[in-house]
Amino acid sequence: MSVNVRIPTILRTYTGGEAEVTAEGATLSEVIADLEKNHQGIAARVLDDAGKLRRFVNVYVNDDDVRFEQGLQTPTPEGAGISIIPAVAGGC
């Protein structure tokens with residue numbers, strides 16, 4: 001299934017500067033694998049060494065945070081919008 005993935009600025013070096021790319025997959029895991037196939041290096045920034053989502057990276061399928069859904073097994077229906085959002089920290 002084809003989905004649209006919004007890429008944060010910090011990861012755009014992997015997508016040739018593109019802010020949004022298309023990917024294929026029925027689950028988030030498959031989408032990330034397809035992203036890696038077409039934009040090598042991006043998966044290592046999203047997944048940890050155990051293959052799980054890094055805790056400082058939030059991922060949404062449409063408007064649903066995958067941490068409260070099925071994680072990497074969250075379904076990604078045709079035309080879904082996926083957002084990868086790195087956590088932001090800091091303050092005064």
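Structure above, values below:
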| read-out | value |
| --- | --- |
| Net lengthening on full extension, A19/N58 (0.36 nm per residue, minus Cα-Cα) | 12.4 nm |
| Whole-Hz ³J(HN,Hα) from phi, Karplus 6.51 cos²θ - 1.76 cosθ + 1.60, for the range 43-57, glycine and proline x | 4, 5, 8, 9, 10, 7, 5, 8, x, 9, 4, 4, 5, 9, 10 |
| Dipole magnitude (debye, nearest 20) for the chain, charges at Cβ of Lys, Arg, Asp, Glu | 380 |
| Within the accessible area of the chain (1.4 Å probe), percent carbon and sulfur | 50 |
| The chain: relative contact order as a whole-number percent, Cα under 8 Å and 6+ apart | 37 |
| Residue (of Q73, T9, V21) at the positive-pole extreme of the chain, dipole from beta-carbon charges | T9 |
| Calculated FRET efficiency for the pair F68/Q40, C-beta based, R₀ 30 Å, to 0.05 | 0.50 |
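The values are calculated or read from the model by the stated rules, or taken from the named source; none is laboratory data. All figures in this text were calculated on a predicted structure; none of them were measured in a lab. Cβ atoms come from the backbone with ideal geometry, glycine included; neighbour counts cover every protein chain shown. These area figures cover heavy atoms from the full protein model, side chains too; ligands, DNA and RNA do not enter into them. Shrake-Rupley method; radii C 1.70, N 1.55, O 1.52, S 1.80 Å.
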